[in-house]
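Please read the structure below before turning to the comments.
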Amino acid sequence: MTKWYNVREQSAGKFRLEALWIVYKIFGIKFLKIVLWFVCLFIVPFAKNARIASKKYRKILNEYQRKHNIQKTSFSSFSHIYAFACASVDKMAATCDKRRPIKFTVNKNADWEQFQNYIDTNTGVFLICSHLGNIEALSAFPDSQNKKMHAFMQVSQTSTFNQFMNRHKISKNTIIYPTENINIGIAGEMYDNLQNGDLVMMAGDRTSPNTPTRYETVSFLGVDCRFPIGTFKFAKVQSHPIFAICVFNMGGEKYNVYVKQIKGDTIKEMIQEYAHFLEKLILKYPKQWFNFFDFFEK
């Protein structure tokens, strides 16, 4: 199958996105999601790689659930891809519509209390996100309104959608950096930002297109999977607190936030902590896993 960084945007032309945005503003998100359901009827038959990846993920998830006596999750590849389309609309609404009353709940535990303490004391935090859930909704989270967020992403892969988001986003506190341009200078800049109490965020669930052979293999859903070394090494050298974070849509304007402090001494220990964090959450929100490529390759 095609590597994730070689997958190109589908049905995301500039004018199509602007048309969807107009439909959203006039008729609302519920109507737009109905429209997307019919759009997916035409898109999904041509999205062979996404269907194969979804089917394989579901098979591995169900096997893991069977081994651990967990109730089996059942969904079709169509509904999974449609969930991704809806998540993209939720991303647009949460990030670009200042009228939308986003409501957040938090999974409050010791890790959250520690995270909140760092925020309150203006301590910089390195966040490791993923493609599980809808992390972009974090820009609407109350605490993030007063913090600068320096987020890294592969901008060339979804350039059309990113340009749309930049044109319409509300928050001016989020600064996007291309992962393609990371160097020693950028690392130093991020250290200074963390010293100033800012947040730095990078995904930890996809191997780097620049260094695809630099990964650690750890257990995830009972399968040995590849996680990038770069993200965790970059986080570790910043010498600031590190937290894994996920944000999930609970329906409508409701979102739930989860965090876990990453404390491993070695890169592999850090990655395994992160993988366990995702593993627990994927069982709660199985259809919000949006890695439509062969993540579980051997």
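Any of K56/K91; K148/K169; K59/K287; K67/K284; K260/K287; K67/K108 with alpha carbons more than 19 Å apart? Name them for me. Each step should come with its number before you reach the end.
Values: K56/K91 26 Å; K148/K169 15 Å; K59/K287 13 Å; K67/K284 17 Å; K260/K287 21 Å; K67/K108 29 Å.
Too far apart for the 19 Å limit: K56/K91; K260/K287; K67/K108.
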Review point. How high is the relative contact order of the chain, in percent, with contacts defined as C-alpha pairs under 8 Å that are six or more residues apart?
Key: 26 percent
Review point. 222 nm [θ] for the chain, helices only, -39500 (n - 2.57) per DSSP H run of 4+, per residue, to 500?
Key: -14000 deg cm²/dmol
Check your understanding: If you bin every alpha carbon distance in region 180-271 into 10 Å steps from zero, what whole percent lands in each bin?
Key -> 14, 41, 33, 12, 0
Check your understanding: What residue among G185, T73, F38 has its Cα farthest toward the positive end of the dipole of region 4-288, where the charges are +1 on Lys, Arg and -1 on Asp, Glu, each on the Cβ?
Key -> F38
Point to revise | Within-10-Å neighbourhood charge of G252 [Cβ basis; K, R +1; D, E -1] | key: +2
Check your understanding: Leaving out same-chain residues fewer than 8 places away, which aspartates and glutamates sit with a Cα under 16 Å from that of K55?
Key -> E63, D294, E297
Point to revise | Overall dimensions of the chain by Cα: Rg and Dmax, Å | key: 18.6, 52
Point to revise | Efficiency of FRET from Cβ geometry, A187 and E279, R₀ 41 Å, rounded to 0.05 | key: 0.90
Check your understanding: Which aspartates and glutamates, on any chain, are close to K233 with Cα under 13 Å apart, when same-chain ones fewer than 8 places away are left out?
Key -> E216, D265, E269
Revision key, fill the gap. Net charge near Q261 (other residues with Cβ under 15 Å of its Cβ; Lys, Arg +1; Asp, Glu -1) is 0
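Every read-out reported here was derived from the displayed coordinates using simple, explicitly stated rules and does not represent laboratory data. Computed from a prediction, not measured in an experiment: that's the story for all the values here. All Cβ positions, glycine included, derive from the backbone under ideal geometry; neighbour counts span all protein chains shown.
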